[in-house]
Amino acid sequence: TQIMSRGLPKQKPIEGVKQVLVVASGKGGVGKSTTAVNLALALAANDSSKAIGLLDVDVYGPSIPKMMNLKGNPELSQSNLMRPLLNYGIACMSMGFLVEENEPVVWRGLMVMSAIEKLLRQVDWGQLDYLVVDMPPGTGDVQLSVSQNIPITGAVIVSTPQDVALMDAHKGAEMFRKVHVPVLGLVQNMSVFQCPKCKHKTHIFGADGARKLAQTLGLEVLGDIPLHLNIREASDTGQPIVFSQPESDEAKAYLRIAVEV
Ligand code: ADP
């Protein structure tokens, strides 16, 4: 990562954490969490000397527990901090570890803010080279308070090539600029679908939309991820593709993105 954090005065680093990468999207369902999980695994796979953590602040719809095949209550350290749960070599913390699985989070703003504060400040990460943060979709209170509370090395914005997703990705990028978080680039997810039988390629959500948006905003496209059954199945079974099929083309797409950030 070439861009260093530019902390605003009231930002305080998370203890033991060197770099924070946030993965964000304008819209939900575009593959933000899938990207966050596979990016964390790819950073670890590209350099085994690096310690990587994954923090899920998507408080209304935490998906990291399922995708990383983790559940349970975090233990407390001697200083009363929560210890992350570990799988595939990645230290993970999620709202999903703190509430029951099928219990909806029906919270007012203040409760959400205190949950975010807890996730940001009451976790004992040990020493991490990178903390990958899975943001909620959109440009609301949570995104703002995370951006204003901790120094962020950079934001990765995930979008499909579809206009409605790109419009919201554009707003997301502008929000990060406003709060002085460097945007490292866009990931174009679900860029193409190749029929496994006849090999014909279909751009289900349009072609190259993210590339055009990146040009408009003066940003890089960090990579394209195809719409692929293996990616979905791997996530649903809690065996993310970068971990379970590292030699596949789909995993390699994530591994290349990890080199770019
Ligand atoms: P978000 O975090 O943006 O809401 P998710 O990462 O949860 O999105 O992805 C939404 C759904 O799409 C999930 O079921 C996920 O497995 C699937 N998905 C995401 N990216 C891909 C992809 N490239 N190919 C196939 N399925 C994908």
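The values are calculated or read from the model by the stated rules, or taken from the named source; none is laboratory data. Being a predicted model, the structure only gives us computed values, none of them experimental. All Cβ positions, glycine included, derive from the backbone under ideal geometry; neighbour counts span all protein chains shown.
Taking V59 as meeting all but one of (1) within 16 Å of the ligand (Cβ to nearest atom); (2) touching a Pro at 6+ places or on another chain (Cβ under 9 Å); (3) at pLDDT 95 or above; (4) more than 30 Å from G206 (Cβ to Cβ), write down the number of the exception.
Only one criterion in (1) within 16 Å of the ligand (Cβ to nearest atom); (2) touching a Pro at 6+ places or on another chain (Cβ under 9 Å); (3) at pLDDT 95 or above; (4) more than 30 Å from G206 (Cβ to Cβ) is unmet by V59, namely (3).
Evaluate segment 234-242: report whether one residue or more is away from the ligand (no atom under 13 Å from the Cβ) and in contact with a Leu (Cβ under 8 Å, 6 or more places away or on another chain).
No, every residue in segment 234-242 fails to be away from the ligand (no atom under 13 Å from the Cβ) and in contact with a Leu (Cβ under 8 Å, 6 or more places away or on another chain).
For segment 72-185, please list each of the helices (runs of 4 or more DSSP H) lying entirely inside it that holds at least 1 residues being touching a Ser or Thr at 6+ places or on another chain (Cβ under 8 Å).
Counting at least 1 such residues, we get 109-121, 163-178.
Mind counting the residues in segment 191-233 that are of a type in the set (A, V, I, L, M, F, W, C), under 30 Å from M68 (Cα atoms), in contact with a helix residue (DSSP H, G or I) (Cβ under 6 Å, 6 or more places away or on another chain) and more than 10 Å from the ligand (Cβ to nearest atom)?
Here the count works out to 2.
In the list S48, S63, S79, S25, which residue meets the criterion of being on the phi < 0 side of the Ramachandran plot and without any contact (Cβ under 8 Å) to a residue 40 or more places away in the chain?
Numbers: S63 fails: without any contact (Cβ under 8 Å) to a residue 40 or more places away in the chain; S79 fails: without any contact (Cβ under 8 Å) to a residue 40 or more places away in the chain; S25 fails: without any contact (Cβ under 8 Å) to a residue 40 or more places away in the chain.
That would be S48, the only listed residue that is on the phi < 0 side of the Ramachandran plot and without any contact (Cβ under 8 Å) to a residue 40 or more places away in the chain.
Being at pLDDT 95 or above and within 9 Å of the ligand (Cβ to nearest atom) is the filter here, so list the residues in segment 12-27 that pass it.
V23, S25
Within segment 238-261, count every residue that is without any contact (Cβ under 8 Å) to a residue 60 or more places away in the chain and farther than 18 Å from S159 by Cα.
So the answer is 6.
All but one of (1) touching a helix residue (DSSP H, G or I) at 6+ places or on another chain (Cβ under 7 Å); (2) of a type in the set (A, V, I, L, M); (3) within 16 Å of the ligand (Cβ to nearest atom) hold for A40; state the number of the condition that does not hold.
Here A40 clears every test but (1).
Residue by residue, here is whether (1) in contact with a strand residue (DSSP E or B) (Cβ under 8 Å, 6 or more places away or on another chain); (2) surrounded by 22 or more Cβ atoms within 10 Å (Cβ to Cβ); (3) not acidic (D, E) holds:
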| site | (1), (2), (3) |
| --- | --- |
| K18 | yes, no, yes |
| S25 | yes, yes, yes |
| P65 | yes, no, yes |
| N73 | no, no, yes |
| R83 | yes, no, yes |
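Scan segment 209-251 for residues that are of a type outside the set (D, E), exposed (fewer than 14 other Cβ atoms within 10 Å of the Cβ) and outside any helix (DSSP H, G or I) and jot them down.
Correct list: G218, T237.
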